[in-house]
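Here the structure is laid out as structure tokens; the discussion comes afterwards.
The values are calculated or read from the model by the stated rules, or taken from the named source; none is laboratory data. Because the structure is a prediction, the values reported are computed rather than measured. A quick note on method: Cβ atoms are made from the backbone with ideal geometry, for glycine too, and the neighbour counts reach across all protein chains shown. All accessible areas refer to the heavy atoms of the entire protein, side chains included, with ligands and DNA or RNA removed. Shrake-Rupley method; radii C 1.70, N 1.55, O 1.52, S 1.80 Å.
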Amino acid sequence: MIVEVTVGPGGRTEWRVASGFLIDGGHVLTSLHAVADGAIEVRRAVPWPDGPKRSWRARVLLRGEVEHADLAVLELAEDTPEAIGRLPLIAFARVADRTERLEVVEDCGAVGFPRFLERGHGASVVRQAAQVSGRIPVSQRPGPGLLTLQTGHRPEGPPLPSAGTALAGSAWSGMSGAAVLAGDCVIGVVSEHAPRHGASDLTIVPITLIDTLPDRDAWWTLLGASPGRLRTLPAAWKGMLAWLTGIVSVVLIAVIGVVFTGWFNARGADTIDRLSGTGPLAIEHVSINHADRDRALRKAVTDPDDRAALLGTSSTAQDALLERYQEAPIGSVEVTVVLVGRVSSLRIVNMRPQILKRLPVSRGACLPRPRQGEVPTVEIAADLDRPSPRFTPKDKPDTSYFRETQIDLKRDERVTFSMTFRAEKAFYEFELVLTVAAGNHDERIGIRAPGGGPFRLTGPSDDGYDAYYEVSPLGGLRVVPHDTC
């Protein structure tokens, strides 16, 4: 998920180097000052970390403010190949504004491309990745809203410039944009190295500064998070967790028995579930309905064995072939998801489609479906062609459904979502990302198609298709010479 970001007008030796973090298959979180001007190229080793580096063009999709919220989101070019990989879901966290004692967030770290790991000269210069570990002292604030990552690194570098001179040429140059993580949560990105604060102190722009931006809704939607539901660090319940772990090996005396029973009935079951790894929400059912949708394949079926499977009567062989040729419904698809609460109380704060891959529309082959009447009415819909797809009510296409509505569930309660996805401009692979608030923290839950693969959808091909098929009365499919889609 770590990428090198280079910005500049021309040859490789003229480009500036920064760092970035892939938050999904097509977007990179980084620092705005590092990408504010010039052509942008994102580079990543494939497979990570030992393979050759691949490069993709990128543009700035969301801009913060350099002097305050020094953050940016890059969008990778449409021709990004599958080598970028499918990424796990990313969680975000905030550092407490104040604590009762002098607290620190331990076990933090970042990976970036600082100048002190630059090797070679001229056009052959390369930078290796540096993994730095450290801690964030809650009370050390290098500026309004900012944080400090205290690392154990002492890289060699030039001496401090005289007073009034810009702090350029630091050995840490290139770490800007590196995501700072605590566990599996992103807290923010590295903005600068201020040598006068110490040889190993890096300034962090927290993700929470997004909420000061005028387009904050677009930011939070893309990240699949919300400011009021971020996990807070250091965890206030850390002491309770240690206590709870200890009591399983002792006998509770009668004096505290009643108190413990009352607590357990109210919250204890949820806490035990969390310790045992049980999530707050279960995915009971996922189905795809495109019975009335024409379908398209990514490429024409020319291999003799594949053509035999496609035109044959074996549904098992056809299903395997259609999966390999990335079958996708054309124009729209309906997805039904049933979720079940697994804790005493939770709230579904948000749900959004997360694009994993965006390619030109499929035109390899068209497989029309027999028409069977009107498409059933659905409750919510999403347009995948939007820069940041979101769900909207059927009668309010410009209104975010989850901005107006949040869904509360109790243990064993169910909720059914009937969703329509639309696409006209491209082929998409995507999954659903839920943000669920349970207790004092958020969890992100991914939903994929039956079988574990991504959902797929393609827009129609204006240039026609390489081949056309229709259902044969004898079973299977047959080739037709005319345009049936």
3J(HN,Hα) from dihedral phi, region 137-147, Karplus parametrisation 6.51/-1.76/1.60, rounded to Hz, x for glycine, proline: x, 4, 8, 8, 10, x, x, x, x, 8, 10
When region 371-480 is reduced to its Cα atoms, the Kirkwood hydrodynamic radius in Å: 17.4 Å
Lys299 accessible area, assembled protein chains, probe 1.4 Å, Å²: 120 Å²
For Leu356, distant residues with modelled amide H under 5 Å away: Glu429, Phe430, Glu431
With DNA, RNA and ligands ignored, accessible area of His285 (1.4 Å probe; Å², nearest 10): 80 Å²
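Rounded to the nearest 20 Debye, what is the dipole magnitude of region 362-472 about its Cα centre when Lys and Arg each give +1 and Asp and Glu each give -1 at the C-beta?
Approximately 180 debye in magnitude.
Under a 1.4 angstrom probe, counting protein chains only, how are Thr313, Thr458 ranked by accessible area, largest first?
Thr313, Thr458
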Of Tyr469, Ala438, Met419, farthest towards positive along the dipole that unit charges on Lys, Arg, Asp, Glu beta carbons give region 397-485: Ala438
Lys425 - accessible surface, heavy atoms, 1.4 Å probe, Å² rounded to 10: 140 Å²
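Take each of the peptides 444-451, 200-207, average the number of other beta-carbon atoms within 10 Å over its residues, and list them starting from the highest. All intermediate terms of the calculation are to be shown ahead of the outcome.
Numbers: 444-451: 15.0, 200-207: 23.1.
Result, highest mean Cβ count within 10 Å first: 200-207, 444-451.
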Order of exposure, largest accessible area first, which applies to Glu284, Glu67, Glu103 with probe 1.4 Å: Glu67, Glu284, Glu103
Region 397-485 - accessible surface per residue (Å², probe 1.4 Å): 48 Å²
Stretch gain in nm, segment Val338-Ser287, where the contour uses 0.36 nm per residue and the Cα spacing is subtracted: 17.4 nm
